[in-house]
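Reviewing the structure listed below.
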Amino acid sequence: MNKKNSLILALDVLSRDKALELTEQLVDHFDAIKVGYPLILHAGLGIVEEISSISPVIADLKIADTPNTNRLICEAVLGAGADAIIAQAFPGKDSLVACADCAESFGADLFVVTEMSHPGAEQFMAPLAERMARLAVESGASGVVAPATRPERIRMIRSIIGDKLIISPGVGAQGGSAGEALQAGADYLIVGRSVYGSADPVAQAKELAAQVEQSRRSN
Ligand code: O7M
């Protein structure tokens, strides 16, 4: 992934046409487009192939199964053209390594979820986030997912993962601040509804880019 804007679009729309329209409109403003269950289940896996001909695609299937099933899922979505996959750490090291090996064989990136951005993540994920971050490093992941809604947790996870990448959701609709997440150590912000749900997605993307720029200047 080429770090230009430090922004990843979470494209959680439900139709192929809307997804392609937004991709064309926003491709220059985002470094990658994250496609997950909402869009793939409605539009089919072919949408990964279509979007990946326009922009790098991160396939967010939060893969969380046995090693063999993980491998089958990774092969399907990387075979469809995704440049990166996202997996959960909690099924354990063998499951994660299966994703890492598959990503490597496709020349793709693997990002591992540590602690999620919603309030419920404090229940089970937060107490294990440090161990999951460590596991991500040991398994050969390119980086982790950490919450923009809790910048102090980004800071903690950064201290564990060194120079691995942090991609961070929760800015905008979930209340997180772009500047605070970046200052805490996020490399990329993942933003969805506040862009694709706005009346002027390009204007919203430009506003985010300005916030990224401001944060870079104050560093
Ligand atoms: O800006 P939003 O809230 O509309 O979208 C955020 C996107 O990030 C959406 O696709 C979520 O599924 C995803 N996400 C979170 O919101 N929180 C997390 O902790 C993790 C993710 C994510 O992308 O995980 C890989």
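The values are calculated or read from the model by the stated rules, or taken from the named source; none is laboratory data. Quantities reported herein were computed from a predicted structural model and do not represent experimental measurements. Note: ideal-geometry Cβ built from the backbone for every residue, glycine included; neighbour counts use all protein chains shown.
Filter region 159-188 for residues that are near the ligand (Cβ under 9 Å from one of its atoms) and at negative phi; which is surrounded by the most Cβ atoms within 10 Å (Cβ to Cβ)?
Ser168
One residue is enough: does region 130-142 have a residue meeting the conditions buried (at least 24 other Cβ atoms within 10 Å of the Cβ), within 10 Å of the ligand (Cβ to nearest atom) and closer than 21 Å to Ala10 by Cβ?
The initial filter retains those residues of region 130-142 that are buried (at least 24 other Cβ atoms within 10 Å of the Cβ), namely 133, 136, 141.
Still in the list and also within 10 Å of the ligand (Cβ to nearest atom): none.
For region 130-142, residues buried (at least 24 other Cβ atoms within 10 Å of the Cβ), within 10 Å of the ligand (Cβ to nearest atom) and closer than 21 Å to Ala10 by Cβ: absent.
Asp12 is checked against (1) in contact with a Gly (Cβ under 7 Å, 6 or more places away or on another chain); (2) without any contact (Cβ under 8 Å) to a residue 40 or more places away in the chain and fails just one. What number does that condition carry?
(2)
If we keep just the residues of region 1-24 that are part of a helix (DSSP H, G or I) and under 17 Å from Asp200 (Cβ atoms), which is farthest from the ligand (Cβ to nearest atom)?
Glu24
Quick one: which of Ser139, Ser105, Ser159 is of a type in the set (Ser, Thr, Tyr), at pLDDT 95 or above and more than 26 Å from Gly79 (Cα to Cα)?
Checking each option against the conditions leaves just Ser159.
Just a yes or no: is a residue in region 105-119 over 23 Å from Gly179 (Cβ atoms), in contact (Cβ under 8 Å) with a residue 12 or more places away in the chain and among the polar types (S, T, N, Q)?
no
Report whether or not Asp60 is within 11 Å of the ligand (Cβ to nearest atom), over 12 Å from Ala19 (Cα atoms) and not hydroxyl-bearing (Ser, Thr, Tyr). So that I can check it myself, show each step before the final result.
On the way: within 11 Å of the ligand (Cβ to nearest atom): yes; over 12 Å from Ala19 (Cα atoms): yes; not hydroxyl-bearing (Ser, Thr, Tyr): yes.
Yes, satisfied.
Quick check on my filter: what residues within region 38-48 are out of contact with any Leu (no Cβ under 7 Å at 6 or more places or on another chain) and more than 18 Å from Asp109 (Cβ to Cβ)?
Across region 38-48, the qualifying residues are Ile40, Leu41, Ala43, Gly44, Leu45, Gly46.
When you scan region 66-168 for helices (runs of 4 or more DSSP H) that lie fully inside it, which ones turn up with 1 or more residues that are in contact with a strand residue (DSSP E or B) (Cβ under 7 Å, 6 or more places away or on another chain)?
In region 66-168, 67-79, 93-106, 129-138, 151-161 are the helices (runs of 4 or more DSSP H) which contain 1 or more residues that are in contact with a strand residue (DSSP E or B) (Cβ under 7 Å, 6 or more places away or on another chain).
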